Amino acid sequence: MAKHHIVQDKYLTQWRKSGTENQLNIYVIHENQIIERGPGWKGFWRDDFNVLEDDGEKSYLPEEVTVIIDTKGIEAVRKINTTSEELLSGMDRSCVAFYTALQYTRTPRHREETNKLIEATTRHFMRKDLPSPDKVHMSKDKILEYNPQNKMEEDALDVISKMTQEEINSQIFKAIHDDTVRIGLTKTGHSKGILKVDRHAEKIFEMQWLFLVTPEGTSFITSDSPCFTISTSKLNGLISPHSTVYFPLRPDICLYIKPSMKSKAEYYMKLDKGQVRDINSLILSNSTQCAVAKDKIHLEKLTKNFDYKNHRKSRVISISESGPYTMFTAE
C-alpha cells in the first residue's frame with residue numbers, strides 16, 4: 001500500500017526550527033500538545049490517499065502529477081522577494097497558481113467535505129424519491145448480477161441472496177433514511193479531482209494577489225490544510241466571489257486572494273504583529289489535525305486557550321430550499 005503526501009515535505013521544511021535541524025514544532029490538536037518531528041512525519045501522509053491505479057497497481061498518476069506541480073511551485077515560492085517586491089514572471093505566477101489550487105484540493109479536509117456534500121445531496125434527493133419502502137424499485141436479480149470485487153462484497157451478496165424482495169426494499173429504505181450507510185467518492189474518484197486543478201489554477205492566475213509580509217520577530221504558521229477559504233456568505237470555495245483565500249507560502253509570506261478581484265496585479269503589504277497573530281489564529285482553526293510553527297513560543301501562545309475539544313476538522317453541509325431550488329453549502 002503506497003503512502004501519499006498531503007503536504008509537500010519541501011514546503012514544510014521552510015518551517016524547520018533552524019537551518020541545521022530537520023525538526024518542526026507541531027501542535028497536534030486532538031492531543032493538545034506540541035511535538036517535534038521532521039517534515040516526513042506520518043501525520044502529513046495517508047495510505048493510498050491519492051491513487052488512480054491501473055490493473056497491475058503500478059501506476060500512481062495523481063502522485064506523479066503532484067510531484068511536478070510541487071517542484072515547480074516551491075521553486076517559484078522561493079523566488080518571491082519581499083525586499084525588492086518584484087513581480088513574478090508569468091511562468092512563476094502560473095506555477096504558484098497551480099500550487100495553490102493543488103494544495104487546496106489535496107488535503108483530507110477537502111476530501112472529507114467533498115464526501116459530506118455528495119452524501120448530503122444524494123441522501124436528500126433519494127429520500128424525496130423514496131418516501132416509503134414500496135417506492136424502492138431495485139430488483140434482487142439485478143443486484144445479484146453484480147460481480148463482487150472483494151470478500152466484503154461477496155459476503156454482502158450472499159446475505160442478499162437469502163433475502164426476500166420485500167426485505168431488500170425495507171433494508172434499502174432504512175439505509176437511506178437512518179444514515180446507516182456512508183456515501184462518498186472512491187479513492188479513484190477523489191484522485192480524478194486532482195487532474196482538474198488546471199481549471200482552478202487558470203482562474204487563480206487571473207486574480208489579484210496580495211503578499212502579506214510579517215514584521216521582524218514573528219512569522220506565519222502553517223498546517224496540514226494550509227490553503228483554505230473564508231467567506232462572508234454561504235457560497236464558499238476556492239474561486240467563489242464571496243471568499244477570501246489564505247495560503248501561507250513561507251513563514252514570512254501569506255498569499256491573500258479575493259476571487260472577486262480579477263486584475264492579475266501583485267501587491268505587498270507589511271503587517272504588524274497583531275495582524276499576523278490574527279491570521280495565525282485563522283490558520284489554526286482551519287487546520288485538520290495539526291499546525292506547524294517555526295517558533296515554539298509563538299505556537300505555545302497561539303494554542304494556550306485554543307478550544308481543541310470542539311475543533312472541527314471540516315465544515316458541515318447545510319441544506320436550504322427556495323421554491324424549486326435546493327442549495328447545499330459547506331459552513
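The values are calculated or read from the model by the stated rules, or taken from the named source; none is laboratory data. Note that the coordinates shown come from a computational prediction; the quantities given were computed from them, not determined experimentally. Every residue, glycine as well, gets a Cβ built from its backbone with ideal geometry; the counts of neighbours run over all protein chains shown. We work out accessible area using only protein heavy atoms, side chains counted, and drop any ligands, DNA or RNA first. Shrake-Rupley method; radii C 1.70, N 1.55, O 1.52, S 1.80 Å.
A compact table of results
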{"quantity": "Subset tally (residues that are among the charged types (D, E, K, R), outside any helix (DSSP H, G or I) and in contact with a helix residue (DSSP H, G or I) (Cβ under 9 Å, 6 or more places away or on another chain)) for region 172-205", "calculated": "3"}
{"quantity": "Residue ID - modelled with the lowest pLDDT, chosen from residues in region 241-266 that are among the polar types (S, T, N, Q) and buried (at least 17 other Cβ atoms within 10 Å of the Cβ)", "calculated": "S243"}
{"quantity": "Within region 41-52, considering residues that are modelled with pLDDT under 90 and in a loop (DSSP other than H, G, I, E, B), the one most open to solvent (accessible area, probe 1.4 Å)", "calculated": "L52"}
{"quantity": "Set L271, L238: member being touching a residue at least 24 places away in the same chain (Cβ under 8 Å), in contact with a Phe, Trp or Tyr (Cβ under 8 Å, 6 or more places away or on another chain), of a type in the set (A, V, I, L, M, F, W, C) and open to solvent by less than 60 Å² (accessible area, probe 1.4 Å)", "calculated": "L238"}
{"quantity": "In region 286-318, residue modelled with the highest pLDDT [restricted to those that are of a type in the set (K, R), farther than 17 Å from I221 by Cα and open to solvent by 70 Å² or more (accessible area, probe 1.4 Å)]", "calculated": "K309"}
{"quantity": "Index of the failed condition, A175 passing every other in (1) free of Cβ contacts under 8 Å to residues at least 24 places away in the same chain; (2) open to solvent by 50 Å² or more (accessible area, probe 1.4 Å); (3) not β-branched (V, I, T)", "calculated": "(2)"}
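Every residue, every condition in (1) modelled with pLDDT of 95 or more; (2) within 28 Å of V197 (Cβ to Cβ); (3) in a loop (DSSP other than H, G, I, E, B), yes or no:
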site: H4; (1), (2), (3): no, yes, no
site: V7; (1), (2), (3): no, yes, yes
site: L12; (1), (2), (3): yes, yes, no
site: I35; (1), (2), (3): yes, no, no
site: D54; (1), (2), (3): no, yes, yes
site: E57; (1), (2), (3): no, yes, yes
